[in-house]
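Participant: Okay, handing you the structure first.
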């Protein structure tokens, strides 16, 4: 039920739905006064949502900052959260990686720099459809191709959301008594919720954010004034994550 609810929330958080609702109201309302107010509100909302500077400022506030490799302690394992592959694209003779590939690349970086000794990949499938494998299994293929020994890779391939990532990883770790210290790797916008879930599940991990949507602050005209379709799309991502974080907090998941 919670999994399906999260999918509904995904569409509710779409800013384009908000704009469409306002415009439809303006079209069908019979009161000119309401129409003028709604159209002004839609125009303001459009200008705010398409402004790249405001979008970047919002991500700078929400995303946890990057960490230098020198700051990280040597840990027994890195916990890599999935959510960056597509399982619904054929042919299935390769791995389809979407935005967020920094998660796996930076995990590999940590492994090569000997900051982590093993890699735990956590993630089943985020699809409501039946798929042929798990996201964890897909990312394992990439790590194997990159030369990581199979003995250094552990899979948790049943979880469907961040809470289950934490709970099922904790269950896995109870069978690995030699692993005591961890680095958690996920997208920077997702790290607050993920870190909270893992703490509630009893796993204390150093966070290592990846896949940043924020950029260094810029005051050039193209950042301040020119509308951006990318900014419009990114607001949906951030709003959806904020709603998810608030929901998890209320339910005590993080």
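Participant: Of the residues 66, 91, which is in a loop (DSSP other than H, G, I, E, B) and touching a helix residue (DSSP H, G or I) at 6+ places or on another chain (Cβ under 8 Å)?
Facilitator: Testing whether each residue is in a loop (DSSP other than H, G, I, E, B) and touching a helix residue (DSSP H, G or I) at 6+ places or on another chain (Cβ under 8 Å) leaves just 66.
Participant: Which residues, counting only those in the range 118-135, are over 19 Å from residue 194 (Cα atoms) and either in contact with a helix residue (DSSP H, G or I) (Cβ under 6 Å, 6 or more places away or on another chain) or at pLDDT 95 or above (or both)?
Facilitator: Within the range 118-135, just 118 meets the criteria.
Residue by residue, here is whether (1) over 10 Å from residue 123 (Cα atoms); (2) free of Cβ contacts under 8 Å to residues at least 40 places away in the same chain; (3) over 24 Å from the mean Cα position of the chain (by Cα); (4) exposed (fewer than 13 other Cβ atoms within 10 Å of the Cβ) holds:
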position: 142; (1), (2), (3), (4): yes, no, no, no
position: 156; (1), (2), (3), (4): no, yes, no, no
position: 159; (1), (2), (3), (4): no, yes, no, no
position: 162; (1), (2), (3), (4): no, no, no, no
position: 178; (1), (2), (3), (4): yes, no, yes, yes
position: 185; (1), (2), (3), (4): yes, no, no, no
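Participant: Looking at the structure I just gave you, is residue 155 farther than 22 Å from residue 254 by Cβ and part of a helix (DSSP H, G or I)?
Facilitator: Judged against the criteria, residue 155 is not a match.
Participant: Got a sec? Which of 115, 67 is more than 27 Å from residue 238 (Cα to Cα) and either at pLDDT 95 or above or in contact with a strand residue (DSSP E or B) (Cβ under 7 Å, 6 or more places away or on another chain) (or both)?
Facilitator: The unique qualifying residue is 115.
Participant: Now for a different question. Taking the range 220-252 as the region of interest, how many residues are part of a loop (DSSP other than H, G, I, E, B) and surrounded by 12 or more Cβ atoms within 10 Å (Cβ to Cβ)?
Facilitator: 3
Participant: Continuing with the same structure: Scanning for something outside the structural domain of residue 134 (by TED's automatic domain parsing), outside any helix (DSSP H, G or I) and surrounded by 12 or more Cβ atoms within 10 Å (Cβ to Cβ), does the range 40-47 turn up at least one residue?
Facilitator: no
The values are calculated or read from the model by the stated rules, or taken from the named source; none is laboratory data. This is a predicted model, so every value here is computed, not measured. Here the Cβ is made from the backbone with ideal geometry for all residues, glycine too, and neighbour counts use every protein chain on show.
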